[in-house]
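S.K.: A single structure is presented below for examination.
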Amino acid sequence: MSLRICVGGATGWTGKALVAGIAEAKDLSLSGAVARKAVGQDAGSVSGIGHLGVAVSASVADALGSEPTDVYIDYTHPSAVKANTLQALERGVPVVVGTSGLSAADYEEIARLAEKQGLGVVASGNFSITASLMTRFSLLAAQHVPDYEIIDYAKSTKPDVPSGTARELAERMGAIQKSVPGYPIDSVIGPKESRGADVGGGRVHAVRLPSYVLAVETIFGKDGERLSIRHDAGSSAGPYVAGTLLAARRVVAMKGLVRGLDNLLFGPVP
């Protein structure tokens with residue numbers, strides 16, 4: 001039997017690519033789609049791949065209540081993703097979270113419910129395989145170099161700062177060891193905001209300009225040397241589809257929360 005998947009945010013940039021990817025996969029099928037702006041329309045037609053016979057629903061509750069679903073994938077809006085994830089778990093459906101904007105406290109709540117329900121959740125700020133390598137390399141470097149900062153680049157209209165990729169990375173690096181500024185932030189001369197935000201114990205700077213899709217750079221400094229690790233996303237959503245669907249295939253056999261595609265691929269950082 002194919003794995004039945006419901007996609008939240010099915011008319012978005014990544015959502016459309018996911019609908020197409022699910023339709024092409026022999027072991028997957030689309031059981032539902034959520035997008036308030038396209039309610040009642042066919043999910044395949046909206047995605048530009050032709051009629052699939054799956055109508056777009058207004059809410060996660062409507063989509064999961066109409067057809068049996070094995071996995072819910074969320075690529076909606078930062079303001080909706082937490083509620084969507086909790087609702088899916090309460091209905092007994094494992095979740096893959098691709099939407100950014102959730103805090104560590106949000107994930108703690110999601111993890112508690114996932115454990116209680118005996119279900120899996122895979123959440124990643126970036127489901128690109130190469131981005132997961134950037135994350136893993138940065139985490140390994142943070143074990144050895146305590147001074148680092150993160151620069152987060154995205155398009156000028158991106159509403160959440162920092163991006164989910166940068167937020168997740170900063171929190172995970174901070175859990176390894178926090179980067180203490182060489183000069184106290186409270187004592188700087190000039191706007192303190194120019195030194196970035198404290199996210200997870202490290203400084204994060206968000207750049208929002210036209211021409212960027214998404215890029216994250218970690219910069220490590222030691223006396224007389226620097227290390228930069230950077231990932232740049234292209235203009236296609238294709239790189240995120242493979243990682244997201246890989247997570248969907250694995251989450252059905254999991255219990256609890258896994259944050260970061262690199263953890264799903266490589267296991268915990270040694």
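S.K.: Kindly work out what percent of the DSSP beta bridges joining two residues of the chain are antiparallel, to the nearest 5.
M.R.: Of those bridges, close to 40 percent are antiparallel.
S.K.: Also, I was wondering about something else. Straight distance only, please: which aspartates and glutamates reach the Cα of residue 116 with their own Cα at less than 19 Å, same-chain residues fewer than 8 apart left out?
M.R.: Candidates past the 8-residue exclusion: 70, 90, 106, 108.
S.K.: As a test of the formula, what do you get for the chain when each DSSP H run with n ≥ 4 contributes -39,500 (n - 2.57) and the sum is divided by the residue count, at 222 nm and rounded to the nearest 500 deg cm²/dmol?
M.R.: Result for the chain: -10500 deg cm²/dmol, rounded to the nearest 500.
S.K.: From the phi of every residue in region 54-63, what ³J(HN,Hα) in whole Hz does the Karplus formula 6.51 cos²θ - 1.76 cosθ + 1.60 yield, where θ is phi - 60° and glycine or proline is x?
M.R.: 10, 7, 6, 9, 7, 8, 4, 4, 5, 5
S.K.: With just the Cα atoms defining each centre, how far is region 182-224 from region 9-65? Give it in Å.
M.R.: That distance is 38 Å.
S.K.: Quick check: at a probe of 1.4 Å, how many percent of the accessible area of the chain sits on carbon and sulfur atoms?
M.R.: The C+S portion of the solvent-accessible surface of the chain is 54 percent.
S.K.: Hey, another quick one. Taking the Cα atoms of region 43-140, what is the range of coordinates along each of the three principal axes, in descending order and whole Å?
M.R.: The principal-axis extents, from largest down, are 46, 33, 23 Å.
S.K.: So what's the net charge close to residue 192: Lys and Arg +1, Asp and Glu -1, counting the other residues with Cβ under 14 Å from its Cβ?
M.R.: Cβ neighbours under 14 Å give a net charge of -1.
S.K.: DSSP beta bridges in region 129-233, what fraction antiparallel, as a percent rounded to 5?
M.R.: In region 129-233, DSSP labels about 75 percent of beta bridges as antiparallel.
S.K.: Using the Cα centre as the reference, give the magnitude of the dipole from point charges on the C-beta atoms of the chain (Lys, Arg: +1; Asp, Glu: -1; all else neutral), rounded to the nearest 20 debye.
M.R.: 160 debye
S.K.: How far, in nm, would the chain grow between residue 133 and residue 177 when pulled straight, counting 0.36 nm per residue and subtracting the alpha carbon separation?
M.R.: Using 0.36 nm per residue and subtracting the Cα-Cα distance, I get 13.9 nm.
S.K.: Work out which trypsin sites (Lys or Arg not before Pro) in the chain are exposed loop sites (DSSP not H, G, I, E or B, at most 15 other Cβ within 10 Å) and give the longest gap free of them.
M.R.: Here the longest run is 179-254.
S.K.: I've got another one for you. What is the Cα centroid distance between region 230-244 and region 138-175, reported in whole angstrom?
M.R.: Cα centres, region 230-244 to region 138-175: 17 Å.
S.K.: By how many degrees, 0 to 90 and rounded to 10, does the Cα axis of helix 129-142 deviate from the longest principal axis of the chain?
M.R.: Around 30 degrees separate the two axes.
S.K.: Now for a different question. When the chain is fully extended, how far beyond the present Cα-Cα distance does residue 252 get from residue 113, taking 0.36 nm per residue of separation?
M.R.: This chain segment gains 48.5 nm when fully extended.
S.K.: Put one equal scatterer on each alpha carbon of region 112-214, apply the Debye formula with no solvent term, and list log10 I(q)/I(0) at q = 0.11, 0.18 1/Å to two decimals.
M.R.: Ignoring solvent entirely, the Cα scatterers give -0.41, -0.95.
S.K.: Let me ask something additional. Between 0 and 90 degrees, rounded to the nearest ten: what's the tilt of helix 104-117 against the longest Cα principal axis of the chain?
M.R.: Between the helix axis and the principal axis of the chain, the angle is about 40 degrees.
S.K.: Output the 0 to 90 degree angle, nearest 10, between the alpha-carbon long axis of helix 13-24 and the longest principal axis computed from the alpha carbons of the chain.
M.R.: The helix 13-24 is inclined about 50 degrees to the chain.
S.K.: Which three semi-axes in whole Å describe the equivalent ellipsoid of the chain, each the square root of 5 times a Cα gyration tensor eigenvalue, listed largest first?
M.R.: Those come to 35, 19, 17 Å.
S.K.: Using modelled backbone amide H atoms (1.01 Å from N, in-plane), which distant-in-sequence or interchain residues come within less than 5 Å of residue 202's amide H?
M.R.: The answer is 179.
S.K.: Under a crude label model (7 Å from the Cα following the beta-carbon direction), how far is residue 103 from residue 189 in nanometres?
M.R.: Here the modelled spin labels are 3.5 nm apart.
S.K.: Any idea of the accessible area per residue across region 129-233, 1.4 Å probe, to the nearest Å²?
M.R.: 52 Å²
S.K.: Which of 153, 212, 75 moves the most in a Gaussian network model of the chain with Cα springs under 10 Å?
M.R.: 212
The values are calculated or read from the model by the stated rules, or taken from the named source; none is laboratory data. No experiment lies behind these values; they were computed from the predicted model shown. Neighbour counts are summed over all protein chains in view; Cβ atoms, including those assigned to glycine, are modelled from backbone coordinates with ideal geometry. Side chains included, ligands, DNA and RNA excluded: accessible areas come from the protein's heavy atoms. Shrake-Rupley method; radii C 1.70, N 1.55, O 1.52, S 1.80 Å.
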